[in-house]
Amino acid sequence: VNASIMLSELVNRYEYHLEKGELVSHEKHGDGWFYLTIEKAEERTCLSRKEQDHGLKILKEKGFVEGAQFGIPCTRYFRICEDKILESLGLSKNNYSLTKKDNESSIVQLSPDEIVAAAQKFYEWLKS
């Protein structure tokens, strides 16, 4: 459950920073990074640091997100691995996106039956 809550929050934050043009590029880690503090995540999800860390561990093991710390002061950054998430839902990046982009279908445009099927696939993926 913690992994699902954290993934939802991370995708939400990714979309926010993407829309604002605030995704960060790092010379060692590449493009597409955004920050999320422990305190802000706790405020938005009600998950303690330990619960966040547990959820993030699962998400990183599954390859859904990457995490790094950089900057001064050192800040917690994340990058969404959209291809892996869509794959776990049985969706193609060629046809779907986690966020709405020009001329692409957003994942939120799925029918109710497609959403249920995708959620079941995602749940099975997390259990494996």
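Multiply the residue separation of LYS93 and HIS29 by 0.36 nm, subtract the distance between their alpha-carbon atoms, and state the gained length in nm to one decimal.
Full extension from LYS93 to HIS29 adds 20.8 nm.
At a Förster distance of 35 Å, what's the computed FRET efficiency of ILE72 paired with ASN12, Cβ-Cβ distance as r, to 0.05? Intermediate results must be reported in sequence, preceding the final value.
Details: r = 26 Å, r/R0 = 0.76.
The value I calculate is 0.85.
Rounded to the nearest whole Å², what accessible area per residue is found for the range 10-87 with the 1.4 Å probe?
Ligands and nucleic acids excluded, the result is 60 Å² per residue.
Kirkwood Rh, Cα Rg: Rg to Rh for the range 1-99?
Taking Rg over the Kirkwood Rh, I get 0.95.
The values are calculated or read from the model by the stated rules, or taken from the named source; none is laboratory data. Not measured: the values here are computed from a predicted model. Note that we place each Cβ from the backbone using ideal geometry, even for glycine, and neighbour counts take in every protein chain shown. Accessible surface is based on the protein model in full, side chains and every heavy atom, while ligands, DNA and RNA are left aside. Shrake-Rupley method; radii C 1.70, N 1.55, O 1.52, S 1.80 Å.
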